[in-house]
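Read the structure below first, then the notes.
The values are calculated or read from the model by the stated rules, or taken from the named source; none is laboratory data. Computed from a predicted model, the values in this text were never measured in an experiment. Positions of Cβ are generated from backbone atoms using ideal geometry, with glycine treated the same way; all protein chains shown enter the neighbour counts.
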Amino acid sequence: MQELFQLVPAAYVVLRRGNRVLLQLRQNTGFMDGHWACAAAGHVEAGESVEAAAVREAAEEMGLRVDPRDLLPLTTLHRANGGDSPRAQRVDFFFAVSRWAGEPSIMEPEKCGAIAWFDLDKLPDPMPEHERYVLQNLAAGTLPAIASLGFTE
């Protein structure tokens, strides 16, 4: 009997100041360590809305208080994460926010080596492919409401 397909959801918060975005340098996570990534992102927990997950991640990772009404939906990205296990596909909900309470700070120093602001048209290397895809298309004004990435069809 084939195992039931499962989709893993995640919330991403793109912290913006004009044309600049705040990124974190991942470390000691076991996934994409040494890559620059969205400053606040993580899996949606059981029983949690994606908006609540975004607000929670901004607080947990950057020490920021974000009003859910300030979350601007950017895109929903359905992506293949490699392999053919039932959990190999992801759905990522990207939000932008330009208003928050507090100053961005590294709240999980064991997982984050640095934070820095980058121009959308001068993103650092390396970055996770799916995050670079979203940010480059955001900069170009070509970000679709729903997108797919990593499928062979």
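Of the residues that make up region 56-67, is at least one closer than 15 Å to Tyr12 by Cα, surrounded by fewer than 16 Cβ atoms within 10 Å (Cβ to Cβ) and in contact (Cβ under 8 Å) with a residue 60 or more places away in the chain? No, every residue in region 56-67 fails to be closer than 15 Å to Tyr12 by Cα, surrounded by fewer than 16 Cβ atoms within 10 Å (Cβ to Cβ) and in contact (Cβ under 8 Å) with a residue 60 or more places away in the chain. Out of Pro144, Pro128, one residue alone is under 19 Å from Arg20 (Cα atoms) and touching a residue at least 40 places away in the same chain (Cβ under 8 Å). It is Pro128. Those residues that are surrounded by 11 or more Cβ atoms within 10 Å (Cβ to Cβ), of a type in the set (Phe, Trp, Tyr) and assigned to a loop (DSSP other than H, G, I, E, B), I need them from region 97-153; list them, please. Scanning region 97-153 gives a single hit, Trp100. With respect to (1) surrounded by 17 or more Cβ atoms within 10 Å (Cβ to Cβ); (2) within 15 Å of Tyr12 (Cβ to Cβ); (3) at pLDDT below 95, the lone exception for Gln89 is condition (2). For Glu153, the conditions (1) under 17 Å from Ala39 (Cβ atoms); (2) of a type in the set (D, E, K, R); (3) at pLDDT below 95 are fulfilled apart from (1). The residue of region 54-85 that is farthest from Val134 (Cα to Cα), among those that are among the small types (Gly, Ala, Ser) and under 11 Å from the mean Cα position of the chain (by Cα), is Ala58.
Against the numbered list (1) without any contact (Cβ under 8 Å) to a residue 24 or more places away in the chain; (2) exposed (fewer than 14 other Cβ atoms within 10 Å of the Cβ), Ala52 comes up short only at (2). Determine whether region 32-41 contains at least one residue that is outside any strand (DSSP E or B), touching a residue at least 12 places away in the same chain (Cβ under 8 Å) and among the hydrophobic types (A, V, I, L, M, F, W, C). Yes, that holds for at least one residue.
Name every residue in region 5-33 that is hydrophobic (A, V, I, L, M, F, W, C) and on the phi > 0 side of the Ramachandran plot, in order of residue number.
Met32
Taken over region 16-29, the criterion of being out of contact with any Leu (no Cβ under 9 Å at 6 or more places or on another chain), under 18 Å from Met107 (Cα atoms) and either without any contact (Cβ under 8 Å) to a residue 40 or more places away in the chain or outside any loop (DSSP other than H, G, I, E, B) (or both) is satisfied by Gln24, Leu25, Arg26. Among residues belonging to region 20-45 that are under 24 Å from Ser148 (Cα atoms) and more than 13 Å from the chain's Cα centre (by Cα), point out the one that is surrounded by the fewest Cβ atoms within 10 Å (Cβ to Cβ). The selected residue is Phe31.
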